[in-house]
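Note sheet for the following structure.
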Amino acid sequence: MKKRKSISYAKWGYIFLIPFFLVYAVFSFYPLISTFATSFMDITIDQGFISFSGAEEINNGFCGLRNYTEVFTGEIGRSFYNTAVMWLMGFVPQIIISLLLAAWFTDLRLRIKAQGFFKALIYLPNILMASAVSYLFYGLFSQGGGIWTIIKDLTGYEGVLLDSAWGARGIVALINFLLWYGNTTILLMAAIMGVDTSLYESAQIDGANSRHMFWKITMPLIRPILLYVLITSLIGGIQMYDVPTLLANSNGYPGQSLLTLVMQIQNRKDASPGLAAAICIVIFIVTAILGGIIFLATSDRSDRRFKKKSKNAAREAV
Amino acid sequence: MKLKRILAGTAAAVIAVTAFSGCGKGSSSSGDSSTGRDPSGAETPEQGKVLNIYCWNTEFQERFEKFYVPNADKSVYDGVKINWIQTTNEGNLYQTKLDEALKNQQTAVADDKIDIFLVEMDYAAKYVNSDVAVPLADLGITSDDLKNQYEYTKQTFTNPDGKQVATTWQATPGLYMYRADIAEEVLGTSDPDKVQEQISDLDKFTEVAAKMKEKGYYMVSGYDDMYRLFSNNVSAPWVTGNKITIDDQIARWIELTKEYSDKGYNHATSLWDDQWSADMKKDANVFGYFFSTWGIAFSLRDATVDQKIKDDGSNAKEGNGLYGQWRACPGPVSYSWGGTGIVACQGTDNEALIKDIMLKLTCDTEIMKSMTADETVQDYTNNKEAIKLLIDEGYTNPFLGGQNHLALLTEAAEKLDMSNKLSAYDQGLNEKLQSNMKLYFNGQKTYEEALKLFYSDIKSLYPNLTH
Amino acid sequence: MDEVSKARQSTGKGYLRAKRILAYTVLIILIVISLLPFYLLIMNATRGRVQAGVRWYPDVYLLDNIKNLFGPLTTTNYGSVFRALGNSLFVAACTCVLTVYFSALTAYAIHAYDFRFKRAAHTFILLIMMVPTQASAIGFYRFMNDIGLTDTYVPLIVPGIAAPATYFFMIQYMKSSLPLEIIEAARIDGCGEFKTFNRIIIPIMKPAFAVQAIFSFVASWNNFFMPQMILSTKDKYTIPMILAMMRSETRIDYGVINMYIVIAVIPVIIIYLFLSKFIIRGIALGSVKG
């Protein structure tokens, strides 16, 4: 089925790739290289000093891997933890609820009405700017705000969640969840609807209940989209920046507990460009490794399994 | 296909719209020349056609258009395009953009060069101590011109060579604003002089705070309300030669605020927060606020009324929230807060115009008097003579129940001494100290932990500083 | 109980109804939470300058805020609101079109053709996806500054041509919905490669286009970081930049700010609701297998 014609068409492959690679080379690759180069330099720019001579920049030249060691130790190292925690706190509920919703929406026997209406509404938060949502939630949870008042009335708890590390992280996770769960649900729905219904029918005849069908048929078959969701969410999570910054302040108040990796880059890029560049490269490597693991571990196998399953289903349906 | 067509059509329509709305919105207007002054007879080189002003909000633009343009010297002002380059102050963006532009200053085309940039007190030192600012004397402004300016503003803008390199139209001495109704209830009087006696120093202030607490009132609203009282009276700047030192005064602030927080003398809010603003309303329980000049006219007045003040000012009277119920007194310690400086940038090609702007807006008594008298502006101007004239004319402030708070401010302003108190790193240090000490005040962290976080935040902001 | 009766039980009417009630309850809770920010936003847009706490019902300043937003004071300070909307729309629309079209083209190149560096190119693009935008941001700005493209829309729009995440989606979609026979058939019919792409492939990709169009439009519309770095003339500012400027005023007028956000969100909502029909239809279309 994958037989190709003669090589003469191959050149079109190259031609169609040109726009992407050209633009990327100019606008991204070149700056990326310069960032990579900077990550090995020891540069400090005095933020309290300005002059035409540029004397505020103290460039000590090549410093090897020193910036990188600094990334993994102490304060910056902690940001890995913060980022991972906030991402998980948001993503785990997100994927569970999205799968649940997608399963319910596509379950023909369940017949959920007004699906278009629901779908349109759950996606809406994604459209709002992160700044607007963060600001609104800040107002709700801070002293005197709506949710703070409700919690006080219900439980008598007068503390401000935003002042405690886990409370603040929870709110960030909540906002991330709200912004993205609609998106995930719609994508998963697309995936589930792509599964051949005859598979379900034959399974039902064999006596499978809906739980069986979900785990043994649906889940494996929507693996490509599930993978897409996982990877893009992971990448987005590692690059988390807007919401924690806008909810608290640029230093991850309270007590640096919201301080993510990208916030570290933002905070340090003016004064320590070399260090900031090293953080960038580290983020890239970590993401690449994680993404690569997930991708390699599941994609090819699932491709093969998918083909086998559809062949089996086709054979059985006959 | 339809999808693409729709999108393409939308894009095309938008391009058309933006092309048509591209009609210039130049903010230079040809105002009245009736009150214009004659130019000084100095020889000026060929002047540029574009004046680039770097700022972070529209405050100066409003002053400029309302008070400078009608009084401008037409010979230097006409024909010049004013270009307002505004970058938000959030996340230090303003300084980042400004510094980038400064780096390009010497190679930039004349029309793109920075001509004027504004600075806030907290980071003024960075620019004042550098080689990018033009000394006022080089622009032709003499110390006689500046004679009415308050000493402390001149001090702030004087560089290590002893030359003043920036000027401001604002003086920002601070006062303690308190509620007359609560004063009557708890202290038995709301008369400013009598109240002042009871809070004339910090110990007495704390005693009154205890009294307030007994009756269920908070002395101040937020943790950081009193910060300036201490930071303005340090014996040395935050940073000397790249070493951070926590001055005794700052340590005292931490101590005092912790005491107030533990005893419930403050309402545990943070500056500019919703709750902090809400505490200015009638149904709140906060006795007073520390505000400097602009805070009174804007933050306090707008927050304390129930009905938003209409444009015609018709509901700006007693009965509208706490309007007329606030009084001012000097408070336990004299301090200043804020203020914007105007700096001429080296390499500018508009010296004559800049000189005129600076003279008119920061030295001219008549113009500055009208700035303070103007209802919507109420800037406490940096001109002793102008303020004196206003007081002599019998100035009263209806918002403060008829009190003449200008007299108080004058006294306070004279006392201020800002020499050897400012460093270029103040903005970051003040901010990070306040946000981290908040964790100590509300019991989340111990003092040592909060201090460690403070130094950690500073390390990422100013890696060249040590402690 | 044996398997069959267990199965029958799980499809029994009572079980279904209970599940349905659960589903609706969860949905309604989620909808309420999702709509909460919008609702509050609109409420805040009717409130005055100083907004303390939360207000669940409208205040009286709606008309005032609209008047102020389009009034002379705001216009002098921030430029015309229409202008900013136009700027944002222009940038977002152009970026969206470029991103979607060229990502599909690139995905098509990898999917439909066989050439030596195919696998490498694919892996490379996936690799780039991992790079955070912040990483190249500083170098990007310096570079744009050097070639004089700062304060123009070029650095905001043109990079949209190389969008790895969109490419990833497109190629996943193509893998499952684009059989190669169609291309073969087109070739036999004498259709040129480029024409094949434009006339035949694109219509098939419509649902994917719709989905990615929204994502990239919204991303560009809400983007603050890039425009803030590149633009310096107020007339060219996009909406998030104007909002940031409004927030750093000492005399913050929250009523106007919230009104501004509401107005900024409306075009996006309209476009979204307009396109959502495509998406839903597209999802249905995508379920038909070749």
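Only the coordinates and a few stated rules stand behind these numbers; no lab work does. In this text, all values refer to a predicted model and were calculated from it rather than measured experimentally. Here the Cβ positions follow ideal geometry from the backbone for every residue, glycine too, while neighbour counts run over all protein chains shown.
Remark: for residue pairs C:Lys67/C:Lys234; B:Lys438/C:Lys236; A:Lys119/A:Lys216; B:Lys126/C:Lys234; B:Lys204/B:Lys438; B:Lys194/B:Lys388, the C-alpha separation exceeds 29 Å in B:Lys438/C:Lys236.
For chain A, modelled as a GNM whose springs connect Cα atoms under 10 angstrom apart, the maximal fluctuation among A:Ala168, A:Ala248, A:Ala120 occurs at A:Ala120.
In deg cm²/dmol, rounded to 500, what helix-only [θ] at 222 nm does chain B give when every DSSP H run of at least 4 residues adds -39500 (n - 2.57) and the total is split over its residues?
-11500 deg cm²/dmol
Taking every alpha-carbon pair under 8 Å whose residues sit at least 6 apart, region B:257-363 reaches a relative contact order of 16 percent.
Give me the extension gain from B:Lys211 to B:Ser314: residue separation times 0.36 nm, minus the current Cα-Cα distance, reported in nm with one decimal.
33.4 nm
Suppose R0 equals 30 Å; then what is the FRET efficiency for C:Asp189 and A:Tyr14 from their Cβ-Cβ distance, rounded to the nearest 0.05? Efficiency for this residue pair is about 0.80.
Just how far, in whole angstrom, is region B:229-267 from region C:162-239 if you go by their alpha carbon centroids? Cα centroid of region C:162-239 versus Cα centroid of region B:229-267: 57 Å apart. Taking every C-alpha pair closer than 8 Å and separated by at least 6 residues, the mean separation divided by the residue count of region C:18-168 gives a relative contact order of 23 percent. Between C:Gly192, C:Gly255, C:Gly14, the residue with the greatest mean-square fluctuation in the GNM of chain C (Cα pairs under 10 Å linked by springs) is C:Gly14.
The Rg/Rh ratio for the protein assembly as shown is 1.00, where Rg is the radius of gyration of the alpha carbons and Rh is the Kirkwood radius. Note the angle between two axes, namely the Cα long axis of helix B:426-441 and the longest principal axis of the Cα atoms of chain B, as a number of degrees from 0 to 90, rounded to the nearest 10. The helix B:426-441 is inclined about 30 degrees to chain B. The B:Asp283 and A:Ala114 beta-carbon pair, evaluated with R₀ = 35 Å, returns a calculated FRET efficiency of approximately 0.20. Model label sites at C:Leu149 and A:Ile147, defined 7 Å from Cα along the beta-carbon direction, differ in position by 4.1 nm. Site pair B:Asp144 and B:Glu393 shows an inter-label distance of 2.6 nm when each label is modelled 7 Å from Cα along Cα→Cβ. For the pair A:Asn60 and B:Val109, label points projected 7 Å from Cα toward Cβ lie 4.2 nm apart. Comparing Cα centroids, region C:23-66 and region A:205-281 end up 28 angstrom apart. Distance from the Cα centroid of region C:82-119 to that of region B:408-467 is 48 Å (rounded to whole angstrom). Computed from the C-beta positions of B:Gln155 and A:Ser53 and an R0 of 41 Å, the FRET efficiency is 0.95 to the nearest 0.05.
Taking a point 7 Å out from the Cα of C:Phe225 in the direction of its Cβ, the residues of region C:153-197 whose backbone N falls within less than 15 Å of it are C:156, C:160, C:164-165. Per residue of A:283-292, other chain Cβ atoms within 10 Å of the residue Cβ number 4 on average.
Membrane-span-like helices in chain A (whole DSSP H runs, Cα extent of at least 30 Å along the helix axis, mean Kyte-Doolittle hydropathy of at least 0.0): A:74-106, A:165-193, A:273-317. Starting from the Cα gyration tensor of chain A, take the square roots of the eigenvalues, sort them a ≥ b ≥ c, and report rounded, prolate or oblate (rounded when a/c is under 1.5, otherwise prolate if a/b is larger than b/c, else oblate). The shape class here is oblate.
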